[in-house]
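Derivation of every value follows stated rules applied to the coordinates shown; laboratory data play no part. Model, not experiment: these values are computed from the prediction. Using ideal geometry, Cβ is built from the backbone for each residue, glycine included, and neighbour counts are taken over all protein chains shown.
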Amino acid sequence: MTLPKTPSFRLDGRRALVAGGSRGIGLGAAVALAEAGGEVVITARGEKGLTEATEAMRAEGHNVSGAVLDITDLEAQEAFLAAQAPFDVMVNSAGTARHAAALDMTAEDYDAVTNTNTRAAFFLARNVARGMAGTGGSIIMMSSQMGHVGGPDRSVYCATKHAVEGMTKSMAIEWGPQNIRVNTICPTFIRTPLTAPTFADPEKLAWIQSKIKLPRTGEISDIMGAVVFLATDASSLVTGTSILVDGGWTAG
């Protein structure tokens, strides 16, 4: 009798790009990929945070480099990728939110959120996929539970994340024959410096806790295992779908 063999959860010899990787969930993704043996390239808009992140990771022995890049600048984005060797893995964790009631949303805020979360995300995936053609790879879009449900004061944010879910499915169909897998990770509210004000608000915290079925809220480490799974051969037949790391929020 021949027993089945567990696929590898390792990334040795593979290159990974993490956009928005200098803090929060993106930094968690970068660390997870590096711990799995990958050569990681982090991009972010801020040089200070980028330097701090890469130095901290190198201090732990990780193979990492950083580059200042605003992915909403499509010309800069394309030029950066053209100068890079092809990536085997890409995690797009760059995103923004400007929450407001739908009746109060301004055109300026609408454009800022959609430009980053949808437009830039689309072209980043496209440009990375061009480098993966012929060899395959894994594209991971950091979406949100709000790509599957709605929420108060989040009409535009939800719209962008629903769009990411839709583009992911279509890209998976188009690029599947080239062995390029495209999936999303959909976190619930994760404790990061950016979400600290939300967690500090008793009313908002109560709302979050009422939606999550498990007896705790999310931590960055909760996302890291999903990143490694989707990046490695462990998920070689997984494409066009979402991993909901939401504590049961979307279960009902």
* So which of K161/K204; K5/K213; K48/K211 end up more than 27 Å apart by C-alpha? -> K5/K213; K48/K211
* Sequence-distant or interchain residues sharing an amide H contact under 5 Å with V245, placed H: which? -> C186, T188
* Structure fact -> If amide H atoms are modeled at 1.01 Å from N in the peptide plane, then the residues at a separation of 5 or more from G137, or on another chain, having amide H under 5 Å from its own are I180, R181
* Asked: Any idea how far apart A83 and T135 come out in nm if each label point goes 7 Å out from Cα toward Cβ?
  -> 2.0 nm
* Which whole-Hz ³J(HN,Hα) couplings does the stretch 142-156 yield from phi under the Karplus relation 6.51 cos²θ - 1.76 cosθ + 1.60, θ = phi - 60°, glycine and proline marked x? -> 7, 9, 6, 4, 6, x, 10, 9, x, x, x, 6, 10, 4, 6
* Structure fact -> HN-Hα couplings for the stretch 235-245 via Karplus (6.51, -1.76, 1.60; θ = phi - 60°), in whole Hz with x for Gly/Pro, come out as 10, 5, 10, 9, 7, x, 9, 10, 9, 8, 9
* **Estimated distance in nm for a label pair at L194 and A102, the labels positioned 7 Å out from Cα along Cα-to-Cβ** => 2.4 nm
* Okay, which of the stretch 1-26 sit inside 20 Å, backbone N to the point 7 Å along the Cα-Cβ direction of A67? -> 13-23, 26
* Could you give the Stokes-Einstein D for the chain in µm² per second, using the C-alpha Kirkwood radius, 10 °C, 1.306 mPa s? -> 86 µm²/s
* Asked: Under a 5 Å amide H to amide H cut-off, with H placed in plane at 1.01 Å, what residues pair with G66 once short-range neighbours are removed?
  -> I42
* Structure fact -> Shape descriptors of the stretch 72-160 over alpha-carbon atoms, Rg and Dmax in angstrom, are 15.1, 47
